[in-house]
1. Calculate, in nm to one decimal, what residue 101 and residue 258 gain on full extension: separation in residues at 0.36 nm each, minus their alpha carbon distance.
2. Hey, got the Cα dimensions of the stretch 199-317 along the principal axes, in Å, largest first?
3. Whole-Hz Karplus ³J(HN,Hα) for the stretch 146-163, in order, using 6.51 cos²θ - 1.76 cosθ + 1.60 and θ = phi - 60°, x for Gly and Pro?
4. Less than 13 Å Cβ to Cβ from residue 218, Lys/Arg counted +1 and Asp/Glu -1: what total charge do the surrounding residues give?
5. Let me cross-check residue 213: its accessible surface, 1.4 Å probe, with only protein heavy atoms counted, in Å² to the nearest 10?
6. Given axes a ≥ b ≥ c from the Cα gyration tensor, I'd like to know whether the stretch 256-317 is rounded (a/c under 1.5), prolate (a/b larger than b/c) or oblate.
7. Quick one: what does P(r) look like for the stretch 162-218 with 10 Å bins over all Cα pairs, in whole %?
8. Under 12 Å from the 7 Å Cα→Cβ point of residue 202, by amide nitrogen: which residues of the stretch 144-183?
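The values are calculated or read from the model by the stated rules, or taken from the named source; none is laboratory data. The structure displayed is predicted, hence computed values, not measured ones. Glycine gets a Cβ as well: all are built from the backbone with ideal geometry, and neighbour counts include every protein chain shown. Only protein heavy atoms, including side chains, enter the accessible area calculation; ligands, DNA and RNA are left aside. Shrake-Rupley method; radii C 1.70, N 1.55, O 1.52, S 1.80 Å.
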Amino acid sequence: MAGNSQRPNRRTSNKKGAQVGSGGKRRRGLEGKGPTPPAEMRKGHVKNRIANAKARQSARRPAARRGGKGTSELVVGRNPVVEALREGVPASTLYVQQFIDNDERVREALKLAADRGGIHLMEAPRPELDRMTNGLNHQGLVLQIPPYEYAHPEDLSAAAYDDGEDPLIVALDGVTDPRNLGAVVRSVAAFGGHGVVVPERRAAGMTAGAWKTSAGTAARTPVARATNLTRALEAYQKEGLFVVGLAADGEAEIQDVAALDGPLVIVVGSEGKGLSRLVGETCDMRVRIPMPGGAESLNAGVAAGVALYEAARRRRG
């Protein structure tokens, strides 16, 4: 009988653990969620937003895409040539008339060109300089400015994301004065922006006048050229940038716009006409700059500077 008896199952250990037949489910339930993922992988975190935008952008943007080149330009006359060289305007060749009266301005121009390096000095007869300048009063000095190498609009946001920053970009709509463009470039550099976008047609380009007004900041602040400004703004919106248009009849005042501390494009129109209809309709919001003094409008350089200051102030927190 003893050989046929069956011993009941007994628990021989008090050790805790998964029971036979549980499939390990209880053990997995105690394992937790693991280590906290890095900021780039946490949904809603600013680094996650930047990483996602960079990924979307790299999938769309072809390598080495550029906005094309401008045209070469001539700066004519002794005072304009000296001022351009003083301000660091890029130059490829300084033409000097043969047998020119060697006054103080001529000597300074030659010294500035020699000190900078990379500028060719060419002596030319007066008829040749007359032909080059279409008969303008060149006074024996002509400075050749090489074509400006424009960026592509997507280059500006890509550079910001590469630096781990939210893009801050200014787009100009209908601004035709190169001095206004230069002033905007200077403001973008001063407030930590990432560049300026201009339309390809009917807009100011990076001429010697724009370089001079920028006070040298154009050397480190890229200017992009868009074939179609509306489509460029729509592309920025798809990347997650908020597009704000400055308009005297905007629906909100600029200091009340919460989106200024994120990825942002500020669109500035001309002093006379403001934003064009299509560009205004494309903007996510049109905002106004309060002017207690009663002025009807600000020029593009001043308006951009005010908006950039407000955006920079928000970003400093």
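1. 50.4 nm
2. The Cα atoms of the stretch 199-317 stretch 37, 36, 32 Å along the principal axes, largest first.
3. Per residue, the Karplus-derived 3J(HN,Hα) values read x, x, 6, 8, 6, 7, 8, x, 5, 4, 5, 5, 5, 5, 5, 5, 4, 8 Hz.
4. +2
5. Rounded to the nearest 10, the figure is 40 Å².
6. In terms of gyration-tensor shape, oblate.
7. Using 10 Å bins, I get a P(r) of 27, 52, 19, 2 for the stretch 162-218.
8. From the stretch 144-183, the list is 173-176.
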